[in-house]
Every structure is written in structure tokens, then in C-alpha cells.
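Peer 1: I'd like to ask you about the structure that follows.
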Amino acid sequence: MTIANHSETFRGGPVGFLLIHGLGGTPVELRLVGIGLAKSGYTVHCPQLAGHCGSFEELRATGWKDWYATVQAAHAELLKTCKTVIVGGLSMGAILALHLAAENSSEKTTEILLATGRVDVNKAARVGDCYLVFCVARFCDRMEQRR
């Protein structure tokens, strides 16, 4: 069975963000961050990692190398239209982002890690999303100052 693609892309300027969701997650986890970045003029892509958004069996049939291949392909695609790509991830997506940044250390690729340390489980969605948006907004402000 083929898994439907739920990747999210928002077209913007020459600086791109590659946002990677967590294990068992979906691109929707980073949709609000993507929309916020797009409103600030950035190009954003949130790919659906291999095996995700399907059944448990489909996810279990994949591993980190499959997920990383998705990240590599999405990165290559963003570099076709963006002069700089900032790669970030949430939870396991942050580890994939670090791996990509380590393998592609250049002026065209940098990283931002999107994972909160301690969040009250009862308020995780609300607090986590707000904290995540705040961190990305602060990072973007710093990037603007460097231009």
C-alpha cells in the first residue's frame, strides 16, 4: 500500500528552512512554525519521513537510513531554489538535522534544533508550540541582523 504524502511546502525567499518532524510524527507538527516563517518571507519545506503517516507496520519497515534519505532528498531540492538552507528538527528530527549539517558543513547549510527540554505533559501542545515558535522567531531575528 502506498502512503499518501503529507509534506508541507511554503514558497518564499532565497533563504530556506528544512523542518524535520519527530519519530512517529507528521509534517503537521511543524506546520504552524512553517507558516510563521513563510509569512516572514522564508521558503519552508517540511518533508514526510519514509514510513510515516501510514500504518504501524509501514513505519516499522523503515529505519533511520530511510528517514535520512528523505532528509537528504528534501535538502537537495531546497538547494535548487535557495541560496542558504537552515535545517531544523523536532526531537528525532533534530538528530537527523544534525547529521545532515555535519555531512554538509558549508556556508549554504546551517542548523537549528527544535526540541523543548521539560514541558508539562498536560500542556505539551500549547506550551511546546509557543516555545518552539518563540525560539524560531528569535533565531530569525538573529539571522536578519547578520545580513
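The values are calculated or read from the model by the stated rules, or taken from the named source; none is laboratory data. This structure is a prediction, so every number in the text was calculated from the model and none was measured. Glycine also receives a Cβ, built like all others from the backbone with ideal geometry; neighbour counts cover every protein chain displayed.
Peer 1: How about region 55-71: which of its residues are in a loop (DSSP other than H, G, I, E, B) and crowded, with 16+ Cβ neighbours inside 10 Å? If you could, list the steps in order and put the result at the bottom.
Peer 2: Looking only at region 55-71, we keep the residues that are in a loop (DSSP other than H, G, I, E, B), and these are 55, 61-63.
Listed by number, the list holds a single entry, Thr62.
Peer 1: Condition first: touching a His at 6+ places or on another chain (Cβ under 9 Å), of a type outside the set (Val, Ile, Thr) and farther than 16 Å from Val87 by Cα. Can you find one or more residues in region 25-46 that meet it?
Peer 2: Among the residues of region 25-46, at least one is touching a His at 6+ places or on another chain (Cβ under 9 Å), of a type outside the set (Val, Ile, Thr) and farther than 16 Å from Val87 by Cα, which makes the answer yes.
Peer 1: Answer with yes or no whether Val33 is β-branched (Val, Ile, Thr), farther than 17 Å from Leu100 by Cβ and in contact (Cβ under 8 Å) with a residue 40 or more places away in the chain.
Peer 2: Details: β-branched (Val, Ile, Thr): yes; farther than 17 Å from Leu100 by Cβ: yes; in contact (Cβ under 8 Å) with a residue 40 or more places away in the chain: yes.
Against the criterion (β-branched (Val, Ile, Thr), farther than 17 Å from Leu100 by Cβ and in contact (Cβ under 8 Å) with a residue 40 or more places away in the chain), Val33 qualifies.
Peer 1: If you scan region 13-31, which residues turn out to be assigned to a loop (DSSP other than H, G, I, E, B) and either modelled with pLDDT of 90 or more or β-branched (Val, Ile, Thr) (or both)? Spell out how you get there, then give the answer.
Peer 2: Taking region 13-31 and keeping what is assigned to a loop (DSSP other than H, G, I, E, B), we get 13-14, 21-26.
Passing the criteria: Gly13, Pro14, His21, Thr26.
Peer 1: Tell me, please, whether a residue that is under 16 Å from the mean Cα position of the chain (by Cα) and of a type in the set (Phe, Trp, Tyr) can be found in region 28-46. Can you show your working first?
Peer 2: So the first thing to find is which residues in region 28-46 are under 16 Å from the mean Cα position of the chain (by Cα), and the list is 28-38, 42-46.
Filter once more, so that each one left must be of a type in the set (Phe, Trp, Tyr): 42.
Among the residues of region 28-46, at least one is under 16 Å from the mean Cα position of the chain (by Cα) and of a type in the set (Phe, Trp, Tyr), which makes the answer yes.
Peer 1: From the list Ala38, Ala74, Ala97, exactly one residue is of a type in the set (Gly, Ala, Ser), buried (at least 21 other Cβ atoms within 10 Å of the Cβ), modelled with pLDDT of 90 or more and within 19 Å of Glu8 (Cβ to Cβ). Which is it?
Peer 2: Within the list Ala38, Ala74, Ala97, the selection yields Ala74.
Peer 1: Being at pLDDT below 90 and among the β-branched types (Val, Ile, Thr) is the filter here; which residues of region 1-12 pass it?
Peer 2: Thr2, Ile3
Peer 1: Within region 36-60, which residues are closer than 21 Å to Leu98 by Cβ and of a type outside the set (Val, Ile, Thr)?
Peer 2: Within region 36-60, Leu37, Tyr42, His45, Cys46, Pro47, Gln48, Leu49, Ala50, Gly51, His52 meet the criteria.
Peer 1: Keeping to region 77-94, report how many residues are buried (at least 18 other Cβ atoms within 10 Å of the Cβ), in contact with a His (Cβ under 8 Å, 6 or more places away or on another chain) and assigned to a helix (DSSP H, G or I).
Peer 2: Number of matching residues: 2.
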